[in-house]
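Here's the structure, in structure tokens; my notes come after.
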Amino acid sequence: MHFKTAILIDAGFYKTQHKIAKGKFPTISDMKPFTDSIMAKVQQLTDKGCVDMLYRIYYYDCRPYGDAQKRPDGITVDFSASKTFTAANNFHRDLKTHPQLALRLGELSFDGWKINPKNPNDLPIPDFKQKSVDMKIGLDIAWMSSKRIVDKLVLVTADSDFVSPMKLARKEGILVYLETMGQKAVKMNLKEHADFIL
């Protein structure tokens, strides 16, 4: 028997945890080893004689912010000239051609400037907010579950906002796996509505 498995990656969470573990943000060369390790963990939890097959990887991120904004001190900051902007665009470009991967992009909105909590005497830092990323994840979970596109879903996140879509998936007979990448602070309600924690 074969089981189709989809891996859904919350990019904000994945990039943060990768940097904690590896000391750097991920590049395209990190994607296959990461998703291969997830599939190996899922296979270990599957009955002998059954095979887990990767259906598709869904990677949810925001387009990098590339506009220019004036700081409170009057200096204009061009975010498109930053290394972060270039690196994010290059990573997204590479992801678009990665086998069995669909890139789902939301928007990053600029909500003004804020004081750096780590050093209040520093220059203010931009206040960015993600838009529509969580909604895209929730909609894809609902779509794949209701249409029985896959047999198993692996969520790479520690965000309890996904509890409702997880509950829906399980009601539809989908097995839900949670990959927390070593994150210790995972809310109990998120663990409760996963079938397995990798």
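Of note:
- Residue satisfying all of: in the range 78-103; touching a residue at least 40 places away in the same chain (Cβ under 8 Å) and touching a strand residue (DSSP E or B) at 6+ places or on another chain (Cβ under 6 Å); nearest to ASP10 (Cα to Cα) among these: LEU103
- Number of the condition not met by TYR58 [criteria: (1) surrounded by 12 or more Cβ atoms within 10 Å (Cβ to Cβ); (2) assigned to a helix (DSSP H, G or I)]: (2)
- Hits in the range 165-180 - residues which are surrounded by fewer than 21 Cβ atoms within 10 Å (Cβ to Cβ), at pLDDT 95 or above and not in a strand (DSSP E or B): LYS167, LEU168, ARG170, LYS171, GLU172, GLY173
- Evaluation of HIS98 against (1) at pLDDT below 90; (2) within 26 Å of THR27 (Cβ to Cβ); (3) outside any strand (DSSP E or B); (4) not charged (D, E, K, R) (one fails), failing number: (1)
- The number of residues in the range 68-94 being part of a loop (DSSP other than H, G, I, E, B) and either at pLDDT 95 or above or surrounded by 13 or more Cβ atoms within 10 Å (Cβ to Cβ) (or both) comes to 2.
- Qualifying residue in the range 17-36 (condition: in contact with a strand residue (DSSP E or B) (Cβ under 6 Å, 6 or more places away or on another chain), among the hydrophobic types (A, V, I, L, M, F, W, C) and in contact (Cβ under 8 Å) with a residue 40 or more places away in the chain): no
- Residue match in the range 108-127 (condition: within 30 Å of PRO33 (Cβ to Cβ), in contact (Cβ under 8 Å) with a residue 12 or more places away in the chain and loosely packed, with under 15 Cβ neighbours inside 10 Å): no
The values are calculated or read from the model by the stated rules, or taken from the named source; none is laboratory data. All of these numbers come straight from a predicted model, not from anything done at the bench. Please note: Cβ atoms are built from the backbone with ideal geometry, for glycine as well, and neighbour counts cover all protein chains shown.
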